[in-house]
Amino acid sequence: MQEIARGLQEAIKMLLSFDPEIYEIVGLSLRVSLSSVIISTCLGVPIGVLLGLYDFPGKRALIRTIYTLMSLPPVIAGLVVFLFIMRKGPLGFMGLSFTPTAMIVAQVCLVTPIITGLTYNIVKDKADRVRRLALTLGAGRRESVKLLIYELRVGILAAIVTGFGRAISEVGAVMLVGGNIVGKTRVMTTYIAQLQRMGNYDRAIAVGLVLLLIAFTINAILYNIQEKNA
Amino acid sequence: MKIKIENIKKTYGERTVLDIEELSVEEGSLLGVIGPNGAGKSTLLNIIAGIERQTEGKLYYGENRSETIPYREITMVFQSPYLLHTTAEKNIAYPLKLRGWQDAAINKRVEELTEELGLVRLRKQKAWTLSSGEMQKVALARALSFRPKLLLLDEPTANIDPATTGELERMMTKINEREGTTIIIITHNLSQAKRICQNTALLHNGKLVEEGPASVLLKQPKDPITQAFINGELLI
Ligand SMILES: Nc1ncnc2c1ncn2[C@@H]1O[C@H](COP(=O)(O)OP(=O)(O)OP(=O)(O)O)[C@@H](O)[C@H]1O
Ligand SMILES: [Mg+2]
């Protein structure tokens, strides 16, 4: 109990004192996770919409694969990306190991299936009714797709939020490809893991609270957008 | 808009759910389609509206017998209407936006329709919070907004209270008479068909059993199936 109370105090102190180390770590966490969510959104939303709208051979197998990848353990994503980008790996020449770019790549691998799968589900559910309505109101092809995306905006936003939640909170992938290097690839989750190993519980709790606060704030903002547009 | 149907068939797997040799709907007429559940009434309207394809056969639209579906001029109100995830008035305005109307003109038209249908209070209400009768009315207002030449209605008063049903019937008659809109309406309410339809068609097991002036078909039907149907007997 004492540790938790002290952790809370420490967290407030750290935030108020603008401890530069913390802000750097928080900043990198946000940069990596937001970048990966933006990239995953650009990939996952169009793919999910297309999968929901069109049938083609092999689609069922593809959907199964996406569903499986939705629960891909982060360490596995991290391991695969690591094997590709390590010095002796096929993409080793790019010199990406232990960089924020590598962390973004690993998170994109984790988050894209989530956004794709969730988008596909929503589209499959509503696409036919929206298509019929669009036709009866005289909408053309492009207008129908626009209408569909408009209709699904709340659900797609929820898919993106879910993806962001996954990215900001995972530790396995960023640890393996980033390596938790001070001032370079250290993010909140890897820092918490390290602080815990070193027995520095106050600071671990403090960073944990900051992480929770950020996740809460971003979710609250998005929830608000959803409410207003719902 | 005039419609002509020739040898239309719709099959799902082995089952033929619609099989009509010939049916004409004259420009400016108001046709009632009646028949038991599963007769193929909605399927027929969906095909005319161009949202389902017939398995066989041809449909011709307008005086010059065009085979392309004039999506911009026909519309349909579904049995359970789909409203867009926004306010009632934006639903009504959507087809007008599509057609590039100016905001002022849109607003004026929405005002007209909401007044006529008693929706003024509900203009700003979110569509998903409306009662099912209100939803039906918003869907109807949306369909009427751009003054379609052909209006297809799938049980438009199924969820509507008696007084409002009367209002809507008067409105349909008015649109049909004043604006010359051709209307095809599916209804299970035979007295409604008597009140508003010029012609009636009875569908049963996907077939057109009998078609003719409502006054005749609903009072002295020739076909025994029609006789049984209007007497409220179960058809086999
Ligand atoms: N996608 C489908 N697959 C298989 N059968 C279908 C499909 N759609 C419709 N049917 C069948 O076609 C038949 C006609 O359906 P339809 O909806 O046209 O009936 P309806 O006359 O409108 O009935 P109701 O009065 O209950 O609305 C029904 O027996 C229905 O089960
Ligand atoms: Mg029906």
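The values are calculated or read from the model by the stated rules, or taken from the named source; none is laboratory data. Fair warning: this is a prediction, and the values are worked out from it, not measured in the lab. We place every Cβ from the backbone using ideal geometry, glycine too, and count neighbours over all the protein chains shown.
A few comments on the model shown:
- Qualifying residue in the range B:60-67 (condition: modelled with pLDDT under 95 and more than 24 Å from residue B:146 (Cα to Cα)): no
- Taken as a whole, the condition of being touching a Leu at 6+ places or on another chain (Cβ under 8 Å) and assigned to a loop (DSSP other than H, G, I, E, B) does not apply to residue B:185.
- Hey, residue A:147 within 14 Å of chain B (Cβ to nearest Cβ) and at pLDDT 90 or above or not: yes
- One residue from B:203, B:234, B:208 being in a loop (DSSP other than H, G, I, E, B), assigned by TED's automatic domain parsing to the domain that holds residue B:31 and either surrounded by 14 or more Cβ atoms within 10 Å (Cβ to Cβ) or modelled with pLDDT under 90 (or both): B:234
- Between B:164, B:173, the distinction of being under 15 Å from the mean Cα position of the chain (by Cα), away from ligand 2 (no atom under 16 Å from the Cβ) and surrounded by fewer than 21 Cβ atoms within 10 Å (Cβ to Cβ) belongs to B:173 only.
- In the range B:133-161, residue nearest to the other protein chains (Cβ to nearest Cβ) [restricted to those that are away from ligand 2 (no atom under 16 Å from the Cβ) and surrounded by fewer than 18 Cβ atoms within 10 Å (Cβ to Cβ)]: B:147
- Only one of the numbered conditions (1) surrounded by fewer than 21 Cβ atoms within 10 Å (Cβ to Cβ); (2) modelled with pLDDT under 95; (3) within 14 Å of the chain's Cα centre (by Cα) is violated by residue A:77, and that is (1).
- Any helices (runs of 4 or more DSSP H) falling wholly within the range A:1-72 and containing at least 3 residues that are farther than 30 Å from residue A:122 by Cβ: A:2-16, A:20-53
- With respect to the conditions (1) in contact with a Pro (Cβ under 6 Å, 6 or more places away or on another chain); (2) more than 16 Å from ligand 1 (Cβ to nearest atom), residue B:142 falls short on a single one, namely (1).
- Candidate set: the range B:62-81, residues that are within 16 Å of ligand 2 (Cβ to nearest atom) and assigned to a loop (DSSP other than H, G, I, E, B); chosen: the one farthest from the other protein chains (Cβ to nearest Cβ): B:79
- Just one residue in the set B:175, B:186 is more than 14 Å from chain A (Cβ to nearest Cβ) and within 16 Å of ligand 1 (Cβ to nearest atom); that residue is B:186.
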